[in-house]
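Student: Can you read through this structure? Questions will come right after.
The values are calculated or read from the model by the stated rules, or taken from the named source; none is laboratory data. Small disclaimer: the values here were computed from a predicted structure and weren't measured. When we count neighbours, we look across all protein chains shown, and the Cβ atoms used for this are built from the backbone with ideal geometry, even at glycine. Calculation scope for accessible area: heavy atoms of the full protein, side chains included, ligands and nucleic acids excluded. Shrake-Rupley method; radii C 1.70, N 1.55, O 1.52, S 1.80 Å.
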Amino acid sequence: MSDIKVSINSLYKIFGSDAASMIGLVKEGMSKSDLLEQHGHVLGLDNVNIDVKKQQIQVIMGLSGSGKSTLIRHINRLIEPTSGSIIVDGDDILSMSPAELRDFRRSKASMVFQKFGLLPHRKVIDNVAYGLSIQGINKEEALARSNKWIESVGLTGFENHYPSQLSGGMQQRVGLARALATDADILLMDEAFSALDPLIRSDMQDVLLSLQEQLHKTIIFITHDLDEALKLGDDIAILRDGAVIQSGTAEKIILHPADDYVTDFIKDINKARVLKVSSVMAKDAAIKGPEIQDNVIIEDALQTVSQSGSNGAIIVKNGKKVGTVSLTDMIMAIARSTKNTDSDTVYR
Amino acid sequence: MGRTDLRDFKKAIDESFRDFTRNYGEAIENFFDPLLYFLIWLEKLFLNSPWPIVMASIALLVYFGSKSIKLTIGALFAFLLIGYLDMWEDTMATLAIISVATIVCISVGIPIGILMARSNRTQTVVTPILDIMQTIPSFVYLIPVVMLLGIGKVPGLLAVCIYAIPPIVRLTNLGIRLVDKDVMEASEAFGASYKQKLLDVQIPLALPNIFAGVNQTIMMALSMVVIASMIGVKGLGVPVLRAISNQYLALGVMNGLAIVVLAILFDRVSQSFGKRLQAHRESGHNV
Ligand SMILES: Nc1ncnc2c1ncn2[C@@H]1O[C@H](COP(=O)(O)OP(=O)(O)OP(=O)(O)O)[C@@H](O)[C@H]1O
Ligand SMILES: [Mg+2]
């Protein structure tokens, strides 16, 4: 399929001295804890299949140790898989020679790190230009291009500072600018904002989203923070013990969590901020009210509807009326339990 | 081993080494010729230049190395005193051999350190060799060096280098291995080649350690000056040796102090030079 940018197929990673001979056991279904206890090997990734769509933000989330970093490092082959395949734009990453792989990392996929990974001995401008200097682009052009990216992440004026002179949020802006400067179409972000304070983190999320509106990169974004996942992700995959236990849009996961682990994950979120009116859309001729777009979140819709004093709203998409939504349905949607549509599940 | 066996065993070793010397001694000597010429040239340069010029260049070097007026004035004063006390020629000879030894140690030691950092196997092989070089009494390796190359400047230089090279090798290796893993990973993720990682990331970030190694190497070279003079190296060690055998206290102390002065100068200048290379560390908080 042409709208798939990165395709991860049956990916397994086992850490340990004799990984190759453990793969059979894992494929037969041995669990992570059994593998560790009985054979002293760590199951990093367990049959991961993810298709990342072009120009979308694919979020991968999971608790600490679930294998998120391991997974994202497979995409640019910082870690070699035990078995499986990774196809980017039709090319198999795993069959690349060292030179081809370097080329792939230079021009196709760039990375932003949780701990920033900036070069402490280089100024901001030279850090941003780092990827370009590796490509062998001449200094003058590299600096000109870097300046542009420094501006777009809002760091103008700090070009000649060293990373240690900047706050964490600013350092990560440098990290982001460095990754964007190579013009790679894939951006790998491993908990890029996790080390930042909540407010700064939210700022950075906004920076990323507004850049993405212009740039349309394919972004693979790792996080353990559900709010971040919901805010950024077009698609979300949830990892546990190295296996993907659910993937899909935020709405799908919230409305139909696959199991208790996912239910637990999403129990504290504010659903009114995530669910869109389209998820509770009906066709009820009795409803009269203001017109709202189908991608408006319920929180905003509730406000509009209650201000107008009506019993619901008309949903429009691309200028056409596509359905209706009632006040009660919206309230039910954000109030009801997340496990299934009946209201009999109790929060734990 | 029986007594006769043991004697034969030692004899066999001695003889085979002597054969080796006979066959290859000259080739090895020729190999070191460029070094010898360089050392002689440097010595002559130091000795034949009028002393005010030497003094001025020392002051300049000290100033550019340390950016400290105080240290520069101190150095000038020390060298004036050395001249006044008639140790100028020996000091220049020592300066020459220390400079050459340092250059040799750096240009051999840093590459070895880099290779060690690159592979654990190299490290396990080289580390015990360095241990031996540092702990074995210097007189022991003087024997084969002298057998091979006789008495003179080159064997002296070699002896100094054998003794002084371990710190620079060790600290280069250590410095590279201590480079932040996250920074290395970032470099790798952007597609840096081995050479790019080495030159743009590892060496710059290992510089403080490498400089500490250079500094220690110079110190150790200086401490070898007396022993080296036993096998024919000119310099401050010669009068010290004479002082020992004739019990000239004042002569020994004066020349010894001159060595100390050189050591302090080298130490301060190379340390503050190393610090200044690390501009990014001075300001702000470290990560
Ligand atoms: N080099 C390694 N050798 C052995 N085990 C490893 C290695 N790297 C990771 N692991 C194991 O693989 C599992 C997944 O680790 P990973 O770092 O990918 O988790 P993560 O989801 O990124 O966690 P965090 O949120 O803490 O960063 C963990 O159990 C970890 O102990
Ligand atoms: Mg991680």
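Student: Would you point out which residue out of A:5, A:32, A:27 is within 14 Å of ligand 1 (Cβ to nearest atom) and away from chain B (no Cβ under 14 Å)?
Tutor: Exactly one residue qualifies, and that residue is A:32.
Student: How many residues are modelled with pLDDT under 95 and either within 16 Å of ligand 2 (Cβ to nearest atom) or under 24 Å from residue A:21 (Cβ atoms) (or both) when one looks only at the stretch A:55-66?
Tutor: 6
Student: Given the criteria near ligand 1 (Cβ under 9 Å from one of its atoms), outside the structural domain of residue A:216 (by TED's automatic domain parsing) and among the charged types (D, E, K, R), does residue A:68 qualify?
Tutor: When the stated conditions are applied, residue A:68 does not pass them.
Student: Let me ask another. Could you list all residues from the stretch A:104-122 that are on the phi > 0 side of the Ramachandran plot and among the hydrophobic types (A, V, I, L, M, F, W, C)? Step through it out loud before you land on a result.
Tutor: Here is the first cut: in the stretch A:104-122, the ones on the phi > 0 side of the Ramachandran plot are A:116-117.
Result: A:116, single match.
Student: Among (1) more than 29 Å from residue A:173 (Cα to Cα); (2) open to solvent by less than 40 Å² (accessible area, probe 1.4 Å); (3) out of contact with any Gly (no Cβ under 6 Å at 6 or more places or on another chain); (4) assigned by TED's automatic domain parsing to the domain that holds residue A:177, where does residue A:208 come up short?
Tutor: With respect to (1) more than 29 Å from residue A:173 (Cα to Cα); (2) open to solvent by less than 40 Å² (accessible area, probe 1.4 Å); (3) out of contact with any Gly (no Cβ under 6 Å at 6 or more places or on another chain); (4) assigned by TED's automatic domain parsing to the domain that holds residue A:177, residue A:208 is out only on (1).
Student: Scanning for something out of contact with any strand residue (DSSP E or B) (no Cβ under 7 Å at 6 or more places or on another chain), open to solvent by 60 Å² or more (accessible area, probe 1.4 Å) and among the aromatic types (Phe, Trp, Tyr), does the stretch B:136-148 turn up at least one residue?
Tutor: There is at least one residue in the stretch B:136-148 that is out of contact with any strand residue (DSSP E or B) (no Cβ under 7 Å at 6 or more places or on another chain), open to solvent by 60 Å² or more (accessible area, probe 1.4 Å) and among the aromatic types (Phe, Trp, Tyr).
Student: Looking at the stretch A:115-147, which of its residues are touching a residue at least 24 places away in the same chain (Cβ under 8 Å) and open to solvent by 60 Å² or more (accessible area, probe 1.4 Å)?
Tutor: A:115, A:123, A:135, A:145, listed by residue number.
Student: Among the residues of the stretch A:257-274, is any at pLDDT 90 or above, closer than 30 Å to residue A:326 by Cβ, more than 16 Å from ligand 1 (Cβ to nearest atom) and not hydroxyl-bearing (Ser, Thr, Tyr)?
Tutor: For the stretch A:257-274, residues at pLDDT 90 or above, closer than 30 Å to residue A:326 by Cβ, more than 16 Å from ligand 1 (Cβ to nearest atom) and not hydroxyl-bearing (Ser, Thr, Tyr): absent.
Student: Go through (1) more than 16 Å from ligand 2 (Cβ to nearest atom); (2) open to solvent by 10 Å² or more (accessible area, probe 1.4 Å); (3) away from every other protein chain (no Cβ under 14 Å) for residue A:218 and report which single condition fails.
Tutor: Just one mismatch for residue A:218, condition (2).
Student: Take residue A:101 and tell me if it is at the interface with chain B (Cβ under 9 Å from one of its Cβ atoms) and part of a helix (DSSP H, G or I).
Tutor: Considered against the rule, which asks whether it is at the interface with chain B (Cβ under 9 Å from one of its Cβ atoms) and part of a helix (DSSP H, G or I), residue A:101 comes out as yes.
Student: How many residues are among the polar types (S, T, N, Q) and farther than 15 Å from residue B:88 by Cβ if we restrict to the stretch B:15-62?
Tutor: In the first step, residues of the stretch B:15-62 are kept if they are among the polar types (S, T, N, Q); the result is B:16, B:21, B:23, B:30, B:48-49, B:57.
Narrowing the set further to residues that are farther than 15 Å from residue B:88 by Cβ leaves B:16, B:21, B:23, B:30.
Summing the residues that are among the polar types (S, T, N, Q) and farther than 15 Å from residue B:88 by Cβ in the stretch B:15-62 gives 4.
Student: Under 9 Å between Cβ atoms, which residue pairs at least 6 apart in sequence (or on different chains) link something in the stretch A:66-77 that is more than 12 Å from chain B (Cβ to nearest Cβ) with a partner that is near ligand 1 (Cβ under 7 Å from one of its atoms) and open to solvent by 10 Å² or more (accessible area, probe 1.4 Å)?
Tutor: That search, which allows pairs on different chains as well, returns A:66/A:224; A:68/A:191; A:68/A:224; A:70/A:15.
Student: Tell me the residue from A:88, A:52, A:112, A:153 that is closer than 14 Å to residue A:173 by Cα, open to solvent by less than 60 Å² (accessible area, probe 1.4 Å) and more than 16 Å from ligand 2 (Cβ to nearest atom), please. Break it down stepwise before answering.
Tutor: Working: A:88 fails: closer than 14 Å to residue A:173 by Cα; A:52 fails: closer than 14 Å to residue A:173 by Cα; A:112 fails: more than 16 Å from ligand 2 (Cβ to nearest atom).
On inspection, the qualifying residue turns out to be A:153.
Student: Let me ask another. Taking the condition surrounded by 12 or more Cβ atoms within 10 Å (Cβ to Cβ), part of a helix (DSSP H, G or I) and of a type in the set (Val, Ile, Thr), does residue B:40 pass?
Tutor: yes
Student: For the stretch B:75-193, give me every one of the helices (runs of 4 or more DSSP H) that falls completely inside it and has 1 or more residues that are within 14 Å of another protein chain (Cβ to nearest Cβ) and polar (S, T, N, Q).
Tutor: Once the helices (runs of 4 or more DSSP H) in the stretch B:75-193 are filtered for at least 1 residues that are within 14 Å of another protein chain (Cβ to nearest Cβ) and polar (S, T, N, Q), what remains is B:181-189.
Student: Another question, if that's okay. Please enumerate the residues belonging to the stretch B:224-254 that are out of contact with any Lys or Arg (no Cβ under 9 Å at 6 or more places or on another chain), open to solvent by 40 Å² or more (accessible area, probe 1.4 Å) and in contact (Cβ under 8 Å) with a residue 60 or more places away in the chain.
Tutor: Within the stretch B:224-254, B:230, B:238, B:254 qualify.
Student: For the stretch B:46-83, give me each residue that is closer than 15 Å to residue B:264 by Cα and of a type outside the set (A, V, I, L, M).
Tutor: Residues satisfying the conditions are B:63, B:65, B:66, B:68, B:70, B:72, B:74, B:77, B:79.
Student: Of everything in the stretch A:156-195, what is surrounded by 19 or more Cβ atoms within 10 Å (Cβ to Cβ), within 16 Å of ligand 2 (Cβ to nearest atom) and within 14 Å of chain B (Cβ to nearest Cβ)? Give them in sequence order.
Tutor: Once the filter is applied, which keeps residues that are surrounded by 19 or more Cβ atoms within 10 Å (Cβ to Cβ), within 16 Å of ligand 2 (Cβ to nearest atom) and within 14 Å of chain B (Cβ to nearest Cβ), the stretch A:156-195 yields A:172, A:175, A:188, A:189, A:190, A:191, A:192.
Student: Looking at B:233, B:226, which is the one that is more than 11 Å from every other protein chain (Cβ to nearest Cβ) and part of a loop (DSSP other than H, G, I, E, B)?
Tutor: Just one listed residue meets the conditions, B:233.
Student: Filter the stretch B:17-37 down to residues that are of a type in the set (S, T, N, Q) and open to solvent by 70 Å² or more (accessible area, probe 1.4 Å) and give me whichever is farthest from residue B:101 (Cα to Cα).
Tutor: Here the answer is B:23.
Student: Also, quick follow-up: Of B:12, B:96, B:101, which residue is at pLDDT 90 or above and touching a Cys at 6+ places or on another chain (Cβ under 8 Å)?
Tutor: B:101
Student: Among A:65, A:44, A:16, which is among the small types (Gly, Ala, Ser), within 22 Å of residue A:189 (Cα to Cα) and surrounded by 17 or more Cβ atoms within 10 Å (Cβ to Cβ)?
Tutor: Result: A:44 is the single residue among A:65, A:44, A:16 that is among the small types (Gly, Ala, Ser), within 22 Å of residue A:189 (Cα to Cα) and surrounded by 17 or more Cβ atoms within 10 Å (Cβ to Cβ).
Student: A follow-up question, please. Regarding the stretch B:94-114, can at least one residue be identified that is over 30 Å from residue B:40 (Cα atoms) and in contact (Cβ under 8 Å) with a residue 40 or more places away in the chain?
Tutor: Going through the stretch B:94-114, the residues over 30 Å from residue B:40 (Cα atoms) turn out to be B:114.
With the extra rule that they be in contact (Cβ under 8 Å) with a residue 40 or more places away in the chain, the set shrinks to B:114.
Yes, there is a match, as at least one residue in the stretch B:94-114 is over 30 Å from residue B:40 (Cα atoms) and in contact (Cβ under 8 Å) with a residue 40 or more places away in the chain.
Student: What number of residues within the stretch A:205-241 satisfy the criterion of being over 17 Å from residue A:263 (Cα atoms) and not charged (D, E, K, R)?
Tutor: 18
Student: So is residue A:229 open to solvent by 20 Å² or more (accessible area, probe 1.4 Å), within 16 Å of ligand 1 (Cβ to nearest atom) and small (Gly, Ala, Ser) or not?
Tutor: no
Student: So residue B:204 ticks every box in (1) more than 11 Å from every other protein chain (Cβ to nearest Cβ); (2) over 19 Å from residue B:108 (Cβ atoms) but one. Which box is left unticked?
Tutor: With respect to (1) more than 11 Å from every other protein chain (Cβ to nearest Cβ); (2) over 19 Å from residue B:108 (Cβ atoms), residue B:204 is out only on (1).
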